[in-house]
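This report concerns only the one structure given below.
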């Protein structure tokens, strides 16, 4: 089995003009630079889940395989009306076994100054019920429309790299520990 | 796939032994590790110890060789 960790970054909104796309690309690049970690940027807009059913009945083989392979997940999630995008929930609900005892970290994105803290809080119980293990560091991206230049480069790079370093340090540690536990420690 | 396919122990074991039955990875044949119990609300039945919540109790198993993940109804 591959000894590298696999930690994909999931962009959790399909909305046109989404500011979270730049955040997801920035976070993806930070994960990509980590030694011993493989990653992928997953855009839920590209997943094309049907909307006339829900849950595991609409499993997408490629997305399920990606989640099954993952040791941890990073969710980049904008705050819409104090909560998470419905389409993200729709996509996440399509799996169950693929998530159990895997680490997850959330990067909240907001137009205002609270860095998506309310979407993070609202998402935590959902992730717990899916069997994921949440870390205690978050990514917080406030004022998302003004965080990046016209080329998508983050303006205050040093601050955000420093924050992501702590976030990813915790996520990678948790991913390693849980992988060992899933493979070796029986309940 | 039928859960009995994955049982490595004889079929005539008692209930207590069955609870300890190991799951064999359907992909590579290695013995899987049982690391979690999870209520699955997509299952339409219940067990005595959590029937107040509904759903069905599942065991989560991961293969240490190939990483495959399987759920099995709790024994």
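Every number here is computed from the coordinates shown, using simple stated rules; none is lab data. None of the values given here were measured: they were computed from a predicted structure. Cβ coordinates were reconstructed from backbone atoms using ideal geometry, including for glycine residues, and neighbour counts include every protein chain displayed.
Cβ crowding within 10 Å ranks A:134, B:62, A:13 as A:134, A:13, B:62, fewest other Cβ atoms first. Its Cα gyration tensor gives chain A an equivalent ellipsoid, and the semi-axes of that ellipsoid, as √(5λ) in whole Å with the largest first, are 24, 20, 15. For the segment B:61-74, counting C-beta atoms of other chains within 10 Å of every residue's C-beta and taking the mean gives 4. Counted by neighbouring Cβ atoms within 10 Å, the residues A:173, A:137 run from fewest to most as A:173, A:137. Using only the C-alpha atoms, the convex hull of the range A:94-187 corresponds to 121 Å³ per residue. Treating each Cα of the range A:84-142 as one equal point scatterer and applying the Debye formula with no solvent, the log10 of I(q)/I(0) at q = 0.17, 0.19, 0.22, 0.30 Å⁻¹ comes out as -0.55, -0.68, -0.87, -1.27. Taking other C-beta atoms within 10 angstrom as a stand-in for reagent exposure, A:174, A:87, B:32 fall in the order A:87, A:174, B:32, fewest first.
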